[in-house]
Amino acid sequence: MEFAILGGGLAGLSAAYHLKRNYLLLERGNRVGGLCSSKNVKGYTFDNAPHIFFTKNDYTKDLIFNLLKGNLIEQLRRAYIYLKNAYVKYPFEANLKPLSDEIIEECIKGVIEREKSKPKNFKEWIYSTFGKGIAKHYMIPYNEKIWKYKLEKMSLDWIKGRVPSPTVEDMRKGALGKQTKEFGSNAIFFYPKKHGIGAIAESLRSHVSNLSLNSEVTNIKCNDDGIEIIYEKNGKIKKVNSEYVISSLPLPDLAEMILDIPEEVAKAAKNLVFNSLVCVNIGVKRSRISDKHWVYFPEKKFIFNRISFPMNFSEFTTPRNRSSILVEVTHRKNTELNIDEIKQDVMEGLITTKILEENDELEVCDISHFKYAYVIYDLNHKKNVGTIHTFLRKNNIIPIGRYGEWEYLNMDKSIMSGRKATTELNEGIK
């Protein structure tokens, strides 16, 4: 076997799609897509974590449009922040009108009077960019909730292009209810008409010629004459030898698989920081419970940081005259989880916000749990990732995707990550 690809998420599928050499793609699950897959529960389609497709890259856009052949819906984002019993249109700082005069004044004054010093960490960046008011009411509490990590210990490497920064003039317009602009790269996005976001992964899979599902890699041996990969499939131990390996596996897991890995590399992998995710998928026997795509919840009284409504991404995700909700709750590794308590807290929060009514009949209440969800950019992120990547590349292992590159990649960049790796191989790297 000339090349092995580890992991059948978007990056791994993209690598297989673009690789012009003999390969074997190993995926431990029984389907492709990873977090970008979808499942059907009693006629409701839920993504395994909410995703939308948007990109500024013409190649990726053309690729996905050609693969899905009309199975895409264009949407104008309807995203909000729920604060003080009000829905504030995203981005928060440009749409302050629903809030009290006191909060509006505090937010605008904070931006005008902010200290524009050069920030050294994420928390300082929030204050220097948005001022004390927006930091207090939205940016600090929301980010503390989603990351579950001290913001002063997070770097700035992931910020560029992710957080809109409207001007003071835009803020004043928003405070008066006269905001006409849309902000952010996902203001217009696309979503599959049928089969959920997993349709993208499945469309790539149809072009993958050598895929082995239910194949879990257990050990990797880096030898002078190649790389030996040991994996288990249907209870049997199998081996494959490869000249190069393209891996989208999470770096902490990959490091544990590699035999005789140097101590400093193993240590760097163990020190990588990430969040896990619990998703509560809810099917409601009532139509149109919301007209929104997703809503952020910065307040501590709610266990969830974000909820989305799949039926508004596509009507085909939900049975007729029904509604669907996807609730996200992040947590750190080694956190003891009580699923029943999480479900109870979620239901109480949805009723408090009047998204659900006391007498609503739920046809689905399904739980999904994902060990790896969000990469956290701690202050040692660049150093640790660099140590791991240098070792991997010296041993002909090319890391790709969100968890291989250990970067906060969106779908389009994950696809391009797989393509970039194969470009190197197709051109014959040594």
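The values are calculated or read from the model by the stated rules, or taken from the named source; none is laboratory data. This one's a predicted model, so the numbers in the text were calculated from it and none came from an experiment. Please note: Cβ atoms are built from the backbone with ideal geometry, for glycine as well, and neighbour counts cover all protein chains shown.
Here is a list of conditions, (1) within 30 Å of residue 72 (Cα to Cα); (2) touching a residue at least 24 places away in the same chain (Cβ under 8 Å); (3) within 22 Å of the chain's Cα centre (by Cα), and residue 302 meets all of them except one; can you say which number that is?
Every listed condition holds for residue 302 apart from (1).
Within segment 13-33, identify whether any single residue is small (Gly, Ala, Ser), closer than 27 Å to residue 163 by Cα, more than 20 Å from the chain's Cα centre (by Cα) and crowded, with 20+ Cβ neighbours inside 10 Å, and answer yes or no.
No: zero hits.
Quick check, is residue 250 in contact with a strand residue (DSSP E or B) (Cβ under 8 Å, 6 or more places away or on another chain), under 30 Å from residue 74 (Cβ atoms) and of a type outside the set (D, E, K, R)?
no
For residue 237, state whether it is surrounded by 14 or more Cβ atoms within 10 Å (Cβ to Cβ), assigned by TED's automatic domain parsing to the domain that holds residue 19 and not polar (S, T, N, Q).
No; evaluated as a whole, the condition is false for this residue.
Being assigned to a strand (DSSP E or B) and farther than 28 Å from residue 314 by Cβ is the filter here, so list the residues in segment 1-24 that pass it. Walk me through how you get there before you give the answer.
Step one: of segment 1-24, the residues assigned to a strand (DSSP E or B) are 3-6, 9, 23-24.
Passing the criteria: 3, 4, 5, 6, 23, 24.
Does residue 333 fit the bill of being more than 24 Å from residue 89 (Cα to Cα), at pLDDT below 95 and touching a strand residue (DSSP E or B) at 6+ places or on another chain (Cβ under 9 Å)?
Judged against the criteria, residue 333 is a match.
Filter segment 76-133 down to residues that are more than 26 Å from residue 50 (Cα to Cα), of a type in the set (Val, Ile, Thr) and in contact with a Phe, Trp or Tyr (Cβ under 9 Å, 6 or more places away or on another chain), then give me how many there are.
So the count comes out to 1.
So which residues in segment 44-85 are assigned to a strand (DSSP E or B), under 30 Å from residue 175 (Cβ atoms) and among the hydrophobic types (A, V, I, L, M, F, W, C)?
76, 79, 81, 83, listed by residue number.
Let me confirm something: among 12, 43, which residue is closer than 29 Å to residue 216 by Cβ and in contact (Cβ under 8 Å) with a residue 40 or more places away in the chain?
Exactly one residue qualifies, and that residue is 12.
Out of all the residues in segment 385-404, is one or more in contact with a Pro (Cβ under 8 Å, 6 or more places away or on another chain), within 28 Å of residue 202 (Cα to Cα) and either outside the structural domain of residue 241 (by TED's automatic domain parsing) or buried (at least 22 other Cβ atoms within 10 Å of the Cβ) (or both)?
There is at least one residue in segment 385-404 that is in contact with a Pro (Cβ under 8 Å, 6 or more places away or on another chain), within 28 Å of residue 202 (Cα to Cα) and either outside the structural domain of residue 241 (by TED's automatic domain parsing) or buried (at least 22 other Cβ atoms within 10 Å of the Cβ) (or both).
With the condition kept exactly as written, say whether any residue in segment 69-79 is within 29 Å of residue 226 (Cβ to Cβ), among the acidic types (Asp, Glu) and touching a residue at least 24 places away in the same chain (Cβ under 8 Å).
Restricting attention to segment 69-79, the residues satisfying the condition of being within 29 Å of residue 226 (Cβ to Cβ) are none.
No, every residue in segment 69-79 fails to be within 29 Å of residue 226 (Cβ to Cβ), among the acidic types (Asp, Glu) and touching a residue at least 24 places away in the same chain (Cβ under 8 Å).
Among the residues of segment 262-295 satisfying the criterion of being touching a residue at least 40 places away in the same chain (Cβ under 8 Å), surrounded by fewer than 14 Cβ atoms within 10 Å (Cβ to Cβ) and more than 25 Å from the chain's Cα centre (by Cα), which is farthest from residue 76 (Cα to Cα)?
For segment 262-295, the residue satisfying everything is 262.
For residue 342, indicate whether it is closer than 19 Å to residue 52 by Cβ and either surrounded by 13 or more Cβ atoms within 10 Å (Cβ to Cβ) or assigned by TED's automatic domain parsing to the domain that holds residue 149 (or both).
no
Residues in segment 345-363 that are over 19 Å from residue 144 (Cβ atoms) and either among the charged types (D, E, K, R) or surrounded by fewer than 20 Cβ atoms within 10 Å (Cβ to Cβ) (or both): how many?
The number of residues fulfilling the criteria is 13.
State whether one or more residues within segment 369-377 are among the aliphatic types (A, V, I, L, M), touching a residue at least 60 places away in the same chain (Cβ under 8 Å), over 30 Å from residue 10 (Cα atoms) and not assigned by TED's automatic domain parsing to the domain that holds residue 420. Give the derivation first.
Our first condition is that a residue be among the aliphatic types (A, V, I, L, M); within segment 369-377, this holds for 373, 375-376.
When the remaining residues are screened for being touching a residue at least 60 places away in the same chain (Cβ under 8 Å), the result is 373, 375-376.
Adding the requirement that they be over 30 Å from residue 10 (Cα atoms) leaves none.
Looking through segment 369-377, none of the residues is among the aliphatic types (A, V, I, L, M), touching a residue at least 60 places away in the same chain (Cβ under 8 Å), over 30 Å from residue 10 (Cα atoms) and not assigned by TED's automatic domain parsing to the domain that holds residue 420.
Which one is farthest from residue 426 (Cα to Cα), of the residues in segment 241-259 that are part of a strand (DSSP E or B) and of a type outside the set (Ser, Thr, Tyr)? Show your work before the answer.
The initial filter retains those residues of segment 241-259 that are part of a strand (DSSP E or B), namely 241-242, 244-247, 258.
Applying the additional criterion that residues be of a type outside the set (Ser, Thr, Tyr) yields 241, 245-246, 258.
Details: 241: 19, 245: 13, 246: 13, 258: 25 Å.
Filtering segment 241-259 for residues that are part of a strand (DSSP E or B) and of a type outside the set (Ser, Thr, Tyr), the one farthest from residue 426 (Cα to Cα) comes out as 258.
Sort out which residues of segment 355-390 are assigned to a helix (DSSP H, G or I) and touching a helix residue (DSSP H, G or I) at 6+ places or on another chain (Cβ under 6 Å), and write them in order of number.
384, 387, 388
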